[in-house]
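The values are calculated or read from the model by the stated rules, or taken from the named source; none is laboratory data. This structure is a prediction, so every number in the text was calculated from the model and none was measured. Here Cβ is always computed from backbone atoms with ideal geometry, including for glycine, and neighbour counts include all displayed protein chains. Surface accessibility is based on the protein's heavy atoms, side chains included, excluding ligands, DNA and RNA. Shrake-Rupley method; radii C 1.70, N 1.55, O 1.52, S 1.80 Å.
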Amino acid sequence: MRIAIGMDIGGTNTKIVIADKKGTVLCSKQMPTPSVSAKNPGEIDSLLINSLKDFLADDSTKALISTPSKTAEIIGIGIGVAGLIDRKNGKVIESPNISAFNGLPIKEKFEKEFSLPVVLENDANTYAYGEKWIGAGKDFDNFVLLTIGTGLGGGLIYNGELYEGPVEIGHMVIVPSGRYCTCGSYGCLESYASGRAIVDRVVSSLEKGAESLLAKCCEGNFYKITPQVVYETALEGDSLSREVFREVGQFLGIGVANLINILNLEAVIIGGGLIGAWDLFIEEVKKEVSKRAFKPLSANVKIIKSALTKDAGSVGAAGLLFKKIDPARGGSRQSAS
Ligand SMILES: [Zn+2]
């Protein structure tokens, strides 16, 4: 049996899966993304490599890879990282959440350490590929995947293939002179439709004295409010919380309308930590799209939930590895570089 390792290295957590060529996840593990500190000295690349070594040395992983009757063959490692990727050289150019990764030659380091081919890609792109491979995008050749968590990421499947380039949908400007964005610009979609945006928006209203159930939670410390807390108070009927999710839907809808107009999509798939609140924003997304997108282009576009809520990026990274490395899927070892 041929299997691949998929890693999704995020700002907070790292997920690792082992998947077969059909996309079945044989085992998975989540761990905190290591960071270099006095308690955790060393180089960031060694710490990441150690995370994978620990996973492979785990008895349950070993039992899966090697049984008395057969030994599975690991054909390579697919890695998704938040940030701009230099695919040619297998480096992270810049990672907004993990600055220690900037310039890090991840592909070379992992290939040397594990003597396996490595494919490096942006994490939202591996997520989009995962949806195409085994998820909600299986039947579409042209779709955008939006992943809404702390920030807002995006990936594009075009003519059936992953578009292997930066798709910084979160930094599409939708409000002139709007809110400041972490990228240095103003009015980016991410500043209006993300977990961070939700928290900033409610804290700003509460500081101005808005009435809300949120004022009483978190012991009066507004800075302890999380998107989950806002979601829960919205379900309790809190009008500020409900309004904030409605606004998220409105701005997201403007962004989605722009994407439909430019890319002639069959579907827009929305995933990430915020989709638990789907019912609180999706109607507004659809309303904005029907109001703003070019009708002949938007009439048949499906706006749907991601099917890969768990392990999405890591499964997609494993899938991309199979596609690039396994000759049986039409790839070649050379194409991985
Ligand atoms: Zn921005």
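Placing +1 on each Lys and Arg Cβ and -1 on each Asp and Glu Cβ, with no other charges, gives the chain a dipole about its Cα centre of roughly 600 debye.
Calculated FRET efficiency, Lys310 to Asp58, Cβ-Cβ distance, R0 = 22 Å: about 0.70 to the nearest 0.05. Estimated translational diffusion coefficient (Stokes-Einstein, Kirkwood radius over Cα pairs, 4 °C, 1.567 mPa s) of the chain: 62 µm² per second.
Counting only DSSP beta bridges whose two residues both lie in region 70-130, roughly 40 percent are antiparallel.
Can you give the local net charge around Gly272? Use residues other than it whose beta-carbon is closer than 14 angstrom to its beta-carbon, Lys and Arg +1, Asp and Glu -1. Here the charged neighbours net out to -1. Taking every DSSP beta bridge that has both ends in the chain, the antiparallel portion is near 55%. Note on the chain: with a GNM built from Cα contacts shorter than 10 Å, the maximum mean-square fluctuation among Pro176, Pro96, Pro227 falls on Pro176. Each Cα pair under 8 Å and six or more residues apart adds its sequence gap; the mean of these over the residue count of the chain is a relative contact order of 21 percent. An oblate overall shape is assigned to region 245-309, the ratio a/c of its alpha-carbon gyration tensor axes (a ≥ b ≥ c) being 1.5 or greater and a/b not exceeding b/c.
Determine the gain in length on full extension of the stretch Asp279-Asn221; use 0.36 nm per residue of separation and subtract their C-alpha separation, reporting nm with one decimal.
Details: separation 58, 0.36 × 58 = 20.88 nm, distance 2.78 nm.
Length gained between Asp279 and Asn221: 18.1 nm.
Near Leu308, once Lys and Arg are set to +1 and Asp and Glu to -1 for all other residues with Cβ below 12 Å from its Cβ, the sum equals +2. Normalised size of region 139-305, defined as Cα radius of gyration per 2.2 N^0.38 Å with N residues, equals 1.06. Taking amide H as placed 1.01 Å from N in the peptide plane, the amide H of Glu94 sits under 5 Å from that of Leu84, Gly103, each at least 5 places away or on another chain.
Distance between the modelled labels on Asp139 and Phe294, one decimal in nanometres: 2.6 nm (7 Å Cα→Cβ projection). Across region 136-141, coupling constants 3J(HN,Hα) worked out from phi with the 6.51/-1.76/1.60 Karplus curve, θ = phi - 60°, read 6, x, 3, 9, 10, 9 Hz, and Gly and Pro carry x. Expressed as a whole percent, the accessible area of region 71-201 that falls on carbon and sulfur atoms is 47 (1.4 Å probe).
Note that region 91-104 has calculated 3J(HN,Hα) couplings of 10, 8, 6, 8, 10, x, 8, 10, 5, 4, 7, 4, x, 6 Hz, one per residue in order, obtained from phi through the Karplus relation 6.51 cos²θ - 1.76 cosθ + 1.60 (θ = phi - 60°); glycine and proline are x. The length gained on full extension between Lys287 and Lys302, counted as 0.36 nm times the residue separation minus their Cα-Cα distance, comes to 4.1 nm. Amide H contacts under 5 Å for Val119: Ile77, Gly78, Ile79, restricted to partners 5 or more places along the chain or on a different chain, H placed in the peptide plane at 1.01 Å from N. Hydrodynamic radius of region 1-127 by the Kirkwood approach over all distinct alpha-carbon pairs: 15.0 Å.
Taking 12 Å as the straight-line reach from the Cα of Lys310, the aspartates and glutamates in range (excluding those fewer than 8 positions away in the same chain) are Asp8, Glu131. Using 0.36 nm per residue and subtracting the Cα-Cα separation, the extra length available between Glu243 and Thr182 on full extension is 19.6 nm. Report note on the peptides 135-146, 281-292, 58-69, 199-210: ranked by the mean count of other C-beta atoms within 10 Å, highest first, their order is 135-146, 281-292, 199-210, 58-69.
Tell me the per residue accessible area of the chain using a 1.4 Å probe; a whole number in Å² is fine. Mind showing how you got there, number by number?
On the way: 15450 Å² over 337 residues.
Result: 46 Å² per residue.
Model label sites at Lys22 and Asn261, defined 7 Å from Cα along the beta-carbon direction, differ in position by 4.5 nm. Taking region 212-247 and a reference point 7 angstrom along Cα→Cβ of Arg196, the backbone N atoms nearer than 20 Å belong to 222-231, 244-245, 247.
Note on Ser99/Gln30: beta-carbon distance plugged into 1/(1 + (r/R0)^6) with R0 of 25 Å gives a FRET efficiency of 0.65.
Highest average first, the peptides 231-242, 215-226 ordered by how many other beta carbon atoms sit within 10 Å of their residues are 231-242, 215-226.
The helix-based estimate of mean residue ellipticity at 222 nm for the chain, built from -39,500 (n - 2.57) per DSSP H run of four or more residues and divided by its residue count, is -11500 deg cm²/dmol to the nearest 500. Separation of region 106-178 from region 236-278 is 18 Å, based on Cα centroids. If r is the Cβ-Cβ distance from Lys208 to Ser69 and R0 is 56 Å, what FRET efficiency results, to the nearest 0.05? Rounded to the nearest 0.05, the efficiency is 0.25.
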